[in-house]
Amino acid sequence: MSCSNCGKLAKSRCSGCVNAPEYQAGDAPTVAYCDPKCQRQHWPTHKTQCQILKKRLTLLRIATLLKTAFFSYREYVFDLPLAGVEHKEGVLHLHLNPKKIPFRPWYAPFQSNLIIIPEHKEAVLAVSQCTTAQCLLGPLARYLLEGLASMLKAVEVNIRPIVPWKIVWQCDSEEELPDISCATATHSILLVWLGSEGWVIDITGCQFGFRDVLVPLDSYFKKMVQSLVRGPCVYTEHETSDLDVFDNGLSLNDTDSKHLRAAHERTSRLHFAKIVQKFFDYYKSPCSPDKFLGGTTKEFQAKLALFESNLKVHMADLSDFAFEKE
Ligand SMILES: [Zn+2]
Ligand SMILES: [Zn+2]
């Protein structure tokens, strides 16, 4: 690593932009200095680039925080009767046991006794959850992105999975439950602009083998997207938006279990909303979310880990007693 000012051996990287993601190949170079004097001398040259990179880094931290929030929620509000996961011929097979379909409560914590690698677990938790994630994270996403993003939109696309998933029911011959696969899936994502740079935040793309939560818009659309289904739309969803629409569609003739299941999901979402509100209260101005999103990589990771464990404790609380009261 050489000093960006004098070329001698550098001791430390510019703390403003270290670990910022690339938008185009090579546009997030390592900037490092041998001493503070060189850093000061180089600042007029580096300033504009550093500010752009810092914004990208903040965006990446926001996307990571949103993803952490969603998965911490989903781990405690899970509804698939999962018996096992198998990666076979490029497809992730989810084996479901119809005898274990959750029933009152319909949602339970992810079975901790299942042996499953973290990457597959993440995919399983994300299956068919893009709408839930989009709604659940609405208020938090808008709060965090305000002041950073020059534009924020929601969009629905048909995607090309890298690793498709397939649901396989472990049936005793006569039972008929359809296998479902995601060969052509409609998927909801967020589009965020930092000035002229367009980015995609994809919280649940890991169900299709998309590893990155934040991807430059052009490369996402080139590699992952088959066609545009809807949007770009104004992103107005909140924790229960989709349930509100669903509830309005329910009629008196629908079974009690349908109504109760919807009520359980609503309880879970509103429980999540409570901790988001606490987060807002804690970071409200003059602190602003910068206090959470700033700091070194290590400091941010520590704050994120604390946020995650608090959220999980809060969600575990729900699984323990909230459903039983009904
Ligand atoms: Zn130097
Ligand atoms: Zn910098």
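See the values below:
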read-out	value
Check: segment 54-325 dipole with +1 on Lys, Arg Cβ and -1 on Asp, Glu Cβ, in debye	1040
Calculated FRET value between residue 302 and residue 22, using beta carbons and R₀ = 22 Å, to 0.05	0.30
DSSP bridge orientation in the chain - percent antiparallel, rounded to nearest 5	90
Charge tally in the Cβ shell below 14 Å around residue 34, where Lys, Arg are +1 and Asp, Glu are -1, residue 34 excluded	+4
Under 20 Å from residue 99, Cα to Cα: lysines that are on another chain or at least 8 residues apart	166, 258
Distance between modelled label sites at residue 211 and residue 112, nm, 7 Å Cα→Cβ extension	2.9
Listed peptides 56-62, 15-21, 196-202 by packing density, highest first (mean Cβ within 10 Å)	56-62, 196-202, 15-21
Computed FRET value (nearest 0.05) for residue 40 with residue 223, which takes r as the C-beta separation and R₀ as 41 Å	0.50
Fluctuation leader among 306, 214, 80 - the chain, Gaussian network, Cα springs under 10 angstrom	306
Euclidean distance between Cα centres, segment 1-75 to segment 220-258, Å	37
Segment 170-259: trypsin sites (Lys or Arg not before Pro) in DSSP loop, at most 15 other beta carbons within 10 Å	211
Most mobile of 28, 133, 63 in a GNM of the chain (Cα contacts under 10 Å)	28
Cα radius of gyration and Dmax for segment 182-276 (Å)	17.0, 51
Inter-centroid distance (Cα atoms) of segment 277-307 relative to segment 104-151, Å	20
Pairwise Cα inverse-distance average, inverted: Kirkwood Rh of the chain (Å)	21.8
Folded to 0 to 90 degrees: helix 297-317 orientation relative to the chain principal axis, Cα	20
Charge sum, other residues only, whose C-beta stays under 13 Å from residue 22's C-beta, Lys/Arg counted +1 and Asp/Glu -1	-3
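Only the coordinates and a few stated rules stand behind these numbers; no lab work does. Treat the numbers as computed from the prediction; the structure is a model and nothing was measured. With ideal geometry, Cβ positions are generated from the backbone for all residues, glycine too; neighbour counts draw on all protein chains shown.
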